[in-house]
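What follows is a short report on a single structure.
The values are calculated or read from the model by the stated rules, or taken from the named source; none is laboratory data. On a predicted model such as this, the values are computed, not experimentally measured, just so you know. Neighbour counts run over all protein chains shown; Cβ positions are idealised from the backbone, glycine included.
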Amino acid sequence: MDKSIAIAVEGVSKKFRLFNSPKERLKEALHPFKKRYHREFWALNDVSFEVAKGATVGIVGRNGSGKSTLLQVICSVLHPTSGKVTVNGRISALLELGAGFNPELTGRANVFLHGTVMGLSRDEVKKRIPLIEDFADIGEFFDQPVKTYSSGMFVRLAFAAAINVDPDILIVDEALAVGDAKFQYKCFNKFLDFQRERKTILFVSHSTESIVKHCDYAILLEKGRVIENGNPKVITDYYLDLLFTGQIAGYATEPVLTKEDYKGFNIVHYKFKFTGFLNSLGHIELHTLKETDLKGHIADHKCVIGSSEDDVRKMIDLITATELSVEQGKPTKANDKEAMNDLERFLKETAEVDNCIKRNSYNKNEYRITDKRGQIVDYLIVCGDKYDPVSIKCGSLIDIYLKARFSQPVERIIYGFAVKTLDGILIHGNNTRFAKHPVSAVEAHQVRVFKFSFRMNVLAGDVFLDLGVAEKIASEDKPVDVRYGLIHLIVQEESIFTGMVDLQPVFEEIKEDEKGELCSPSDPFAGDSSP
């Protein structure tokens with residue numbers, strides 16, 4: 001194994017046997033003719049990658065994609081069904097914190113036990129005891145039986161024991177968010193210390209901002225396979241597409257034959273590429289097609305590659321069977337005209353039924369109040385050249401189009417929106433009544449579209465948007481249709497600040513002039529016509 005590689009995963013697959021009940025498990029074990037009662041589930045399927053020493057690598061994927069199983073295989077908690085894992089260095093894994101702790105023993109005794117399991121001598125553990133005790137910060141309970149601990153004390157001790165064994169490789173599975181806020185702060189600083197010391201870190205998290213900010217590169221898992229790996233920002237964008245839409249635009253997770261025998265070529269869509277294979281290659285088993293196969297065929301000038309089926313057809317049209325011109329394609333997005341059709345289509349569609357549920361950013365856990373006089377039947381988010389996105393950058397200007405269908409007339413109508421944090425804290429709320437924006441009355445059976453525009457100057461993370469239609473009356477606004485948490489967006493870090501809202505401050509140092517007097521500060525907002 002190359003000494004510059006910390007972890008090498010080669011063709012690893014892991015199969016589990018699933019039974020419908022414990023009874024069926026027993027029946028299979030005792031059946032005289034070995035009758036099969038289980039079904040096979042492949043949690044990992046031919047996973048391969050390498051982690052260089054000193055690198056911080058993020059692993060992302062939807063629930064059930066195989067992330068935890070992969071980490072358990074790397075840590076030798078599970079044995080792979082096939083393939084192998086090679087590790088160069090001591091591993092400390094923050095997986096199931098406290099696994100193996102004896103509740104009858106004291107915290108100190110469990111730390112000694114854990115250190116022994118990690119391969120440390122008794123003297124080495126003794127040297128680390130003060131560090132672990134200080135980091136856990138559980139006071140006199142360090143010498144009390146673990147069974148007397150609260151859940152918070154237990155994870156503090158387990159975390160402290162896991163990270164203070166001087167590992168070469170740290171494996172973290174969403175374990176930084178343990179204990180109270182102060183302890184989480186301490187954990188995160190320890191994580192940064194490991195990075196500064198150039199320890200190898202394998203980091204699993206659902207926080208796309210953490211992956212982008214702290215990882216050198218990232219790996220995307222889906223259904224037990226490595227879908228893509230590379231730049232953390234690109235990989236997390238793919239992950240968000242999968243999370244919200246169930247697919248990556250223009251991406252095929254399995255090879256698909258899109259056109260058979262086109263002028264002597266079979267065209268296959270795999271990942272972001274479309275490949276035209278010469279018929280002379282014979283039958284190709286799509287389910288076993290690998291990147292190495294493609295590289296070999298390219299080297300032999302027996303295939304062409306493009307970013308779309310149309311690109312491949314054009315290349316095939318220009319070449320002959322004896323002289324191939326191979327062009328490496330890249331994924332492309334829809335052109336502006338096609339993108340504009342999304343907005344035009346939104347404005348023209350009558351929306352007989354609720355179309356909100358079809359939007360990528362729709363939150364199925366919304367809460368709704370309606371009196372049926374009118375209903376919000378659709379919305380569209382536009383951010384630059386993106387239509388119906390699931391993630392936007394902090395500070396981006398976004399347009400939200402609200403479409404409402406009315407069954408009864410409403411005289412003094414109000415349109416509004418609100419932006420809230422994950423835990424429901426209101427970041428900003430506004431409506432046409434607050435803004436004193438005139439709005440026309442609506443008649444029965446009319447469809448109206450209203451547009452809100454604003455900059456999303458909020459801290460990176462998850463935000464939820466409310467959209468509402470109400471009627472202005474003397475005593476209070478009466479809801480017509482208000483959909484709380486209708487939209488879920490991921491705000492990605494663009495500028496760095498702390499808090500919830502980017503106030504876009506201006507900094508200026510006041511200096512002395514030639515006479516030694518302080519100069520009058522300039523007006524940073526001169527000419528700014530915004531309110």
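Of everything in the range 3-54, what is touching a Gly at 6+ places or on another chain (Cβ under 7 Å) and either over 29 Å from ILE74 (Cα atoms) or hydroxyl-bearing (Ser, Thr, Tyr) (or both)? Give them in sequence order.
SER13, SER48, listed by residue number.
Looking at the range 235-252, is at least one residue under 21 Å from GLY64 (Cβ atoms), surrounded by fewer than 17 Cβ atoms within 10 Å (Cβ to Cβ) and hydroxyl-bearing (Ser, Thr, Tyr)? Give the steps one after another, and end with the answer.
Residues of the range 235-252 that are under 21 Å from GLY64 (Cβ atoms), as a first pass: 235-248, 251-252.
If we keep only those that are surrounded by fewer than 17 Cβ atoms within 10 Å (Cβ to Cβ) as well, we get 245-247, 252.
Imposing the further condition that a residue be hydroxyl-bearing (Ser, Thr, Tyr) reduces the set to 245.
Yes: the range 235-252 contains one or more residues that are under 21 Å from GLY64 (Cβ atoms), surrounded by fewer than 17 Cβ atoms within 10 Å (Cβ to Cβ) and hydroxyl-bearing (Ser, Thr, Tyr).
Is one or more of the residues making up the range 498-505 modelled with pLDDT of 75 or more, assigned to a loop (DSSP other than H, G, I, E, B) and outside the structural domain of ALA435 (by TED's automatic domain parsing)?
Checked the range 498-505: at least one residue is modelled with pLDDT of 75 or more, assigned to a loop (DSSP other than H, G, I, E, B) and outside the structural domain of ALA435 (by TED's automatic domain parsing).
I'm trying to understand the selection: among the residues of the range 391-407, which are within 16 Å of ASP466 (Cα to Cα) and surrounded by 20 or more Cβ atoms within 10 Å (Cβ to Cβ)?
Hits for the range 391-407 are LEU402, LYS403, ALA404.
Among the residues of the range 138-165, count how many are closer than 19 Å to CYS187 by Cβ and exposed (fewer than 15 other Cβ atoms within 10 Å of the Cβ).
Here the count works out to 4.
Hey, does the range 96-107 have a residue that's within 28 Å of PHE191 (Cβ to Cβ) and in a helix (DSSP H, G or I)?
Checked the range 96-107: at least one residue is within 28 Å of PHE191 (Cβ to Cβ) and in a helix (DSSP H, G or I).
Determine whether the range 173-189 contains at least one residue that is modelled with pLDDT of 85 or more and not in a loop (DSSP other than H, G, I, E, B).
For the range 173-189, residues modelled with pLDDT of 85 or more and not in a loop (DSSP other than H, G, I, E, B): absent.
Would you mind stating whether SER76 is of a type in the set (S, T, N, Q), under 23 Å from ALA161 (Cα atoms) and loosely packed, with under 13 Cβ neighbours inside 10 Å?
yes
Considering the range 408-427 alone, what residues qualify as being of a type outside the set (Lys, Arg), part of a strand (DSSP E or B) and surrounded by 13 or more Cβ atoms within 10 Å (Cβ to Cβ)?
Matches in the range 408-427: VAL410, ILE413, ILE414, TYR415, GLY416, PHE417, ALA418, VAL419, THR421, ILE427.
Sort out which residues of the range 20-64 are hydroxyl-bearing (Ser, Thr, Tyr) and in a strand (DSSP E or B), and write them in order of number.
Correct list: SER48, THR56.
Considering every residue within the range 263-278, establish whether at least one is surrounded by 13 or more Cβ atoms within 10 Å (Cβ to Cβ) and at pLDDT below 75.
For the range 263-278, residues surrounded by 13 or more Cβ atoms within 10 Å (Cβ to Cβ) and at pLDDT below 75: absent.
Taking the range 145-162 as the search range and keeping residues that are farther than 16 Å from LEU113 by Cα and not in a helix (DSSP H, G or I), which one is nearest to the chain's Cα centre (by Cα)?
Filtering the range 145-162 for residues that are farther than 16 Å from LEU113 by Cα and not in a helix (DSSP H, G or I), the one nearest to the chain's Cα centre (by Cα) comes out as SER150.
Select from the range 443-488 the residues that are buried (at least 17 other Cβ atoms within 10 Å of the Cβ) and either part of a loop (DSSP other than H, G, I, E, B) or not assigned by TED's automatic domain parsing to the domain that holds LYS358 (or both) and list them in ascending order.
Of everything in the range 443-488, those that are buried (at least 17 other Cβ atoms within 10 Å of the Cβ) and either part of a loop (DSSP other than H, G, I, E, B) or not assigned by TED's automatic domain parsing to the domain that holds LYS358 (or both) turn out to be MET456, ASN457, LEU459, ALA460.
PHE135 fails exactly one of the following numbered conditions: (1) more than 24 Å from ILE7 (Cα to Cα); (2) crowded, with 22+ Cβ neighbours inside 10 Å. What is the number of that condition?
Checking PHE135 against (1) more than 24 Å from ILE7 (Cα to Cα); (2) crowded, with 22+ Cβ neighbours inside 10 Å, the one that fails is (2).
Can you name every residue in the range 231-257 that is β-branched (Val, Ile, Thr) and under 21 Å from VAL47 (Cβ atoms)?
Selection gives VAL234, ILE235, THR236, ILE248, THR253.
What are the residues in the range 65-88 that are part of a loop (DSSP other than H, G, I, E, B), touching a residue at least 60 places away in the same chain (Cβ under 8 Å), closer than 19 Å to MET118 by Cα and not hydrophobic (A, V, I, L, M, F, W, C), if any? Give the derivation first.
Of the range 65-88, the ones part of a loop (DSSP other than H, G, I, E, B) are 65-66, 75-81, 88.
The next check asks that each one be touching a residue at least 60 places away in the same chain (Cβ under 8 Å); those that pass are 65-66, 75, 78, 80-81, 88.
Subsequent filtering for residues that are closer than 19 Å to MET118 by Cα retains 75, 78, 88.
Selection gives ASN88 alone.
Within the range 221-230, is even one residue crowded, with 20+ Cβ neighbours inside 10 Å and either among the hydroxyl-bearing types (Ser, Thr, Tyr) or more than 24 Å from ALA43 (Cβ to Cβ) (or both)?
The answer is no, given that none of the residues of the range 221-230 is crowded, with 20+ Cβ neighbours inside 10 Å and either among the hydroxyl-bearing types (Ser, Thr, Tyr) or more than 24 Å from ALA43 (Cβ to Cβ) (or both).
It is to be established whether one or more residues within the range 430-449 are under 32 Å from the mean Cα position of the chain (by Cα) and of a type in the set (Gly, Ala, Ser).
No, every residue in the range 430-449 fails to be under 32 Å from the mean Cα position of the chain (by Cα) and of a type in the set (Gly, Ala, Ser).
Check the range 52-64 and report whether any residue there is within 23 Å of LEU18 (Cβ to Cβ), buried (at least 23 other Cβ atoms within 10 Å of the Cβ) and more than 17 Å from the chain's Cα centre (by Cα).
Taking the range 52-64 and keeping what is within 23 Å of LEU18 (Cβ to Cβ), we get 61-64.
With buried (at least 23 other Cβ atoms within 10 Å of the Cβ) added as a condition, the list becomes 61.
Applying the additional criterion that residues be more than 17 Å from the chain's Cα centre (by Cα) yields none.
Scanning the range 52-64, I find no residue that is within 23 Å of LEU18 (Cβ to Cβ), buried (at least 23 other Cβ atoms within 10 Å of the Cβ) and more than 17 Å from the chain's Cα centre (by Cα), so the answer is no.
Return the only residue of ALA43, ALA52 being of a type in the set (Gly, Ala, Ser), touching a strand residue (DSSP E or B) at 6+ places or on another chain (Cβ under 7 Å) and over 18 Å from VAL87 (Cβ atoms). It would help to see each step written out before you state the result.
On the way: ALA52 fails: over 18 Å from VAL87 (Cβ atoms).
Checking each option against the conditions leaves just ALA43.
Can you name the condition, by its number, that ASP378 falls short on among (1) crowded, with 18+ Cβ neighbours inside 10 Å; (2) among the acidic types (Asp, Glu); (3) more than 16 Å from GLN446 (Cα to Cα)?
(3)
Which of (1) touching a residue at least 12 places away in the same chain (Cβ under 8 Å); (2) part of a helix (DSSP H, G or I); (3) of a type outside the set (Ser, Thr, Tyr); (4) surrounded by fewer than 12 Cβ atoms within 10 Å (Cβ to Cβ) does ILE129 not meet, given it meets every other one?
(4)
Tell me which residues, restricted to the range 51-84, are more than 24 Å from HIS206 (Cβ to Cβ) and modelled with pLDDT of 90 or more. Walk me through it before giving the result.
The initial filter retains those residues of the range 51-84 that are more than 24 Å from HIS206 (Cβ to Cβ), namely 52-54, 76, 79-84.
The answer is ALA52, LYS53, GLY54, HIS79, PRO80, THR81, SER82, GLY83, LYS84.
So, in the range 473-515, how many residues would count as being more than 30 Å from GLU411 (Cβ to Cβ), among the aliphatic types (A, V, I, L, M) and in contact with a strand residue (DSSP E or B) (Cβ under 8 Å, 6 or more places away or on another chain)?
Of the range 473-515, the ones more than 30 Å from GLU411 (Cβ to Cβ) are 488-515.
Those still in the list that are among the aliphatic types (A, V, I, L, M) too: 489-491, 496, 500-501, 503, 506, 510.
Then drop every residue that is not in contact with a strand residue (DSSP E or B) (Cβ under 8 Å, 6 or more places away or on another chain), which leaves 489-491, 500-501, 510.
Result for the range 473-515: 6.
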